[in-house]
Every structure is written in C-alpha cells, then in structure tokens.
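Some notes on the structure that comes next.
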Amino acid sequence: QASKAEASMESERIRSALLSSVSHDLRTPLASIVGSASALRMLGDKLSDADRQDMLAAIEEEAARLNRFVSNLLDMTKLEAGVLDLRHDLIDVGDCVASAVQRARKVFPQRTVEVVLPEGTVLTLGSASLLEQLVFNLLDNAHKYSAAGTPTRVVVSSRDSEHAIAVTDEGVGIPEDALEKVFDKFYRVALSDGRAPGTGLGLAICAAIVKGMGGSIVAESPIADGHGTRVTVKLPAAPETARDPEAAT
C-alpha cells in the first residue's frame, strides 16, 4: 500500500510539473507572438520599417522557440516509450557535433562556439539526428546560463574504446547539490534573479539519448574561479564488426 501511495504521489508530482512547465513555456512565447501580430494588424502603416522588422523577428524567434519546446516533448515521449532504436546506424561523432554547432550558430548568432574535433572519423553506433539534438541541447543550455560575451567550447576526443564530447561554458555554474538533479525532467537551476530559464527537458532528453546509445553523461561545476560548467558525454566506440561487416564472417 505504501509503495502504491508513493508511486501515486510521484505520478501526481510529475503531472503537476508537466502542466506547470507546459503552461509557462507555451504562454510566454505565445503572448509575444500574439502581441506582435496584433500590433502589426492594428497599426499597420503607422509603424516604422524598423519597428515592423523587430516585430516580425520577434514572431519568428518565439515561433522557433515553441517549435523546439514541442520537439523536446515529443522526443522525451518517444524515448521513454522505448520506441526509438538508438543503436542502429554507424555514425561519425565529429560530423554530428559539427552539424549541431552549425545549427546553434544560426539559432544563436550572437554567441561564440569554439570547436575542437579529432582528425579522421570517430565512429559509434547510434542515431545521427538524436546525437546532433543532444549536442544542440547542451549548447542551448550553456547559452542560457552564461553571458552573451563568453564563449562555449566543444571538444571531441577519442581514447581506447570510447569517445567523449565535452561542452564547457563560462557561466554562473551549478550548485553542488544540483549537479545530479540537472538531468531530471523539469528540474531547472534558478539564476541569481530567481528565474529558471528553459523547460527542464533539454538535459533530461540528453540523458535519455546517451543511455539509449549505451553511454554516460556527467556534469561538473565549477570549472574555474568559482564558475563555469562542463557536461561530458561518453559513448562506446563502434566495434570492428560494425565498421567492417566482413570482419564478422
């Protein structure tokens, strides 16, 4: 009975957290979109070209934010349902990271992302699209918790039978008691002003993807001078039989 009651309470807590997160993270961008669209419709030619461009840019940016949020929800649902086969393709980790960085630079043009990739191929078994999403989520999270003028660094390395992807920022860092919680669904670290940016799903999705690909993920903070965070993903190297099917015969 006690275990059932605890399970029921946990289920209710998750539902409440989901409703709260969805409500907040849908309402905020929608309010911006509706406000900008209404102003454009009602004021029309009375607005300057600069004001119109600002409002259109706001609509585009908030619509993209909504799209990322919905995509994160769908990805988490599929991952938890176990309907995604994450270890079916031979993929190059370096290519996935490069694609994620290119995407992040387009979405966040004001941010600086430094990349260090090894020479040659860095192969693992997994889903290229989800690994790219994982790295993008890490960059997105790093940008939320660091100042615009600071760089985010992505380093891919290979050692023995595993590969590592390390994403390091120079942001506010993560409190020690929160390091293991940041990969939980809907958990968000509050900034000094009390704000908790994001949906609380980005890092949870990263953890689910890594688990599905047979790897591990860990957060370290502070990195230097009391600030900064590094998230390191480790993935198993592809076995020789996967690289060369003839080797299995």
(message) Under 7 Å between Cβ atoms, which residue pairs at least 6 apart in sequence (or on different chains) link something in segment 231-243 that is among the acidic types (Asp, Glu) with a partner that is open to solvent by 30 Å² or more (accessible area, probe 1.4 Å) and at pLDDT below 85?
(response) 240/247
(message) Which numbered condition in (1) modelled with pLDDT under 65; (2) more than 30 Å from residue 213 (Cβ to Cβ) is the only one that residue 22 fails?
(response) (2)
(message) Step by step: first the residues of segment 140-170, then only those that are out of contact with any strand residue (DSSP E or B) (no Cβ under 6 Å at 6 or more places or on another chain) and closer than 18 Å to residue 219 by Cβ, then the one that is most open to solvent (accessible area, probe 1.4 Å). Which residue is that?
(response) 170
(message) Filter segment 35-52 down to the residues that are without any contact (Cβ under 8 Å) to a residue 12 or more places away in the chain and either under 17 Å from residue 63 (Cβ atoms) or among the charged types (D, E, K, R) (or both) and list them by number.
(response) 35, 38, 41, 45, 46, 49, 51
(request) Can you tell me which residue among 135, 116 is of a type outside the set (S, T, N, Q) and open to solvent by less than 10 Å² (accessible area, probe 1.4 Å)? (result) 135
(request) Filter segment 35-51 for residues that are modelled with pLDDT under 85 and at negative phi and give the result. (result) 45
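Considering each of 104, 57 in turn, give the residue that is farther than 30 Å from residue 232 by Cβ and modelled with pLDDT of 80 or more. Break it down into steps so the answer makes sense when it comes.
Numbers: 104 fails: farther than 30 Å from residue 232 by Cβ.
After ruling out the rest, the residue left standing is 57.
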(message) Looking at segment 32-52 only, could you name the residues that are surrounded by 15 or more Cβ atoms within 10 Å (Cβ to Cβ) and either assigned to a helix (DSSP H, G or I) or in contact with a Cys (Cβ under 9 Å, 6 or more places away or on another chain) (or both)?
(response) 32, 33, 36, 39, 40, 52
(message) Give me the residue from segment 195-249 that is modelled with pLDDT of 70 or more and among the polar types (S, T, N, Q) and, out of that set, farthest from residue 139 (Cα to Cα).
(response) 241
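The values are calculated or read from the model by the stated rules, or taken from the named source; none is laboratory data. Note that the structure is predicted; figures quoted are calculated from it, not measured. Neighbour counts are summed over all protein chains in view; Cβ atoms, including those assigned to glycine, are modelled from backbone coordinates with ideal geometry. Keep in mind that these areas ignore ligands, DNA and RNA; they rest on the heavy atoms of the full protein, side chains included. Shrake-Rupley method; radii C 1.70, N 1.55, O 1.52, S 1.80 Å.
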